[in-house]
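Each value in this text was obtained by applying a stated rule to the coordinates, not by laboratory testing. These numbers come from a predicted model, not from an experiment. Glycine also receives a Cβ, built like all others from the backbone with ideal geometry; neighbour counts cover every protein chain displayed.
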Ligand SMILES: Cc1ncc(C[n+]2csc(CCOP(=O)(O)OP(=O)(O)O)c2C)c(N)n1
Ligand code: SF4
Ligand SMILES: [Mg+2]
């Protein structure tokens, strides 16, 4: 596992971008582009990532970047991969489809499902900030239960959709779950995926100070608290083999270090949540975490 001091010092990201202060996307994009050594074509639908990428003629990352229609990420990336193959240049660079949770769990899922079934040659990375942030915080299929958004003003009633599990059901060779709050975990998973072929899916929890309502200085702290509470689990599944990674592997030995109550108390989006809802979410987390521990034990 790469240590934080081993991460490349030079960055493919240029100084300055248009994202909010403390945005988790920028923290992670630095590691993602480094792990691909700058040799990538980025395919990106409408989202906060588009804003971060810059407005013509400026750009925040010196890589080829395609802005494409909201539902079409995996279909467009399939076309780019086919083009590179036709030119005999597929080995020169990675096709990185990078979309938000709305663009992945909801509107882009049919294109993603088709690309996964065809095992198209791309890394598909969903950065999950748990709502439609670019348009002002509407709920997505990935918004956690209890979170207030402009379309769930009294708190969302449902648990989030498990997109990595959906991708596993497509039998793709590599599925991983990571967090922007763990740069080395992000770097290692993207670097590993780079060395594989076919469709590789990475789901990245990405704290959003504006939409979650917390101080921008706390992005990493809250991302890590989500892992300590078992709400976000770091793992990978390669050719059907499941492993917890990094902090989640350590927590499997020590037990979870935080509760749902502690986590929700840190963010304005969960304000006024009832003790009953917190207990309901805690029971959901406990059951899911027990399932992960069983898989880790090979049961
Ligand atoms: C077909 C279509 N519907 C709606 C929109 C408006 N729209 C642009 S970005 C966005 C939200 C994207 O949410 P997500 O994918 O989670 O990315 P985030 O903004 O959170 O980074 C929406 C609804 C659009 N561009 N195209
Ligand atoms: S709204 Fe959230 S995800 Fe979007 S740029 Fe701002 S901090 Fe980043
Ligand atoms: Mg989003």
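Rounded to a whole number, what is D in µm²/s for the range 16-130 from Stokes-Einstein with the Kirkwood radius over alpha-carbon pairs (4 °C, 1.567 mPa s)?
D = 91 µm²/s.
According to the square roots a ≥ b ≥ c of the eigenvalues of the Cα gyration tensor, what is the shape class of the range 1-71, taking rounded for a/c under 1.5, prolate for a/b larger than b/c otherwise, and oblate for the remainder? Walk me through the numbers before you get to the answer.
On the way: a/c = 1.82, a/b = 1.58, b/c = 1.15.
Since a/c reaches 1.5 and a/b is larger than b/c, the shape of the range 1-71 is classed as prolate.
Please report the antiparallel percentage of the DSSP beta bridges confined to the range 4-296, to the nearest 5.
30 percent
How many percent of the alpha carbon pairs in the range 231-290 exceed a separation of 14 Å?
62 percent
I'd like the orientation of helix 109-118 relative to the chain: the angle between its Cα long axis and the longest Cα principal axis, in ° from 0 to 90, rounded to 10.
Tilt of helix 109-118: around 60 degrees.
Looking at the chain as a GNM with Cα springs under 10 Å, which of 190, 285, 172 has the largest mean-square fluctuation?
With Cα springs under 10 Å in the chain, the top fluctuation among 190, 285, 172 is at 285.
May I ask you to compute the full-extension gain from residue 85 to residue 62, defined as 0.36 nm times their residue separation minus their alpha-carbon distance, rounded to one decimal in nm? Mind showing how you got there, number by number?
Details: separation 23, 0.36 × 23 = 8.28 nm, distance 2.26 nm.
That pair, residue 85 and residue 62, stretches by 6.0 nm at full extension.
Just the number, please: percent antiparallel of the DSSP beta bridges in the range 125-241, rounded to the nearest 5.
Taking every DSSP beta bridge within the range 125-241, about 40 percent pair in antiparallel fashion.
Go ahead and run the numbers for FRET between residue 158 and residue 20, Cβ-Cβ distance against an R0 of 30 Å, rounding to 0.05.
For residue 158 and residue 20, the calculated efficiency is 0.65.
Separation between the residue 293 and residue 138 pseudo-spin-labels, each 7 Å from Cα along Cα→Cβ, expressed in nm?
Computed distance between label sites residue 293 and residue 138 equals 4.0 nm.
Determine, for each peptide in 100-112, 128-140, the mean count of other beta carbons within 10 angstrom over its residues, then list the peptides with the highest first.
Numbers: 100-112: 24.9, 128-140: 22.8.
Most protected by this proxy first, the peptides run 100-112, 128-140.
Give me 280, 241, 117, 236 sorted ascending by neighbouring Cβ count inside 10 Å, so fewest comes first.
Result, fewest neighbours first: 241, 117, 280, 236.
For the range 64-187, what does the convex hull of the Cα positions come to per residue, in cubic angstrom? Walk me through the intermediate numbers first.
Details: hull volume 14.8 nm³, N = 124.
In the range 64-187, the Cα convex hull volume per residue is 119 Å³.
Rg to Rh for the range 157-299: what is it, with Cα atoms only and Rh by Kirkwood?
For the range 157-299, the value is 0.97.
When the chain is treated as a GNM, springs tying every alpha-carbon pair under 10 Å, which of 230, 88, 155 comes out with the largest mean-square fluctuation?
Of the options given, 88 has the highest mean-square fluctuation.
Would you compute, from DSSP H runs of 4+ residues alone, the mean residue ellipticity of the chain at 222 nm, taking -39500 (n - 2.57) per run and dividing by the full residue count, rounded to the nearest 500?
Calculated mean residue ellipticity at 222 nm is -11000 deg cm²/dmol.
Angle between the Cα long axis of helix 275-296 and the longest principal axis of the chain, 0 to 90 degrees, nearest 10?
50 degrees
If you line up the long axis of helix 219-228 against the longest principal axis of the chain, both from Cα atoms, how many degrees apart are they, to the nearest 10?
Roughly 70 degrees, rounded to the nearest 10.
What would the Debye equation give as log₁₀ I(q)/I(0) for the range 4-296 at q = 0.13 Å⁻¹, counting only Cα atoms as equal point scatterers?
For the range 4-296 at q = 0.13 Å⁻¹, log10 I(q)/I(0) is -0.86.
Report the antiparallel proportion of the DSSP beta bridges in the range 1-160 as a percent, rounded to a multiple of 5.
20 percent
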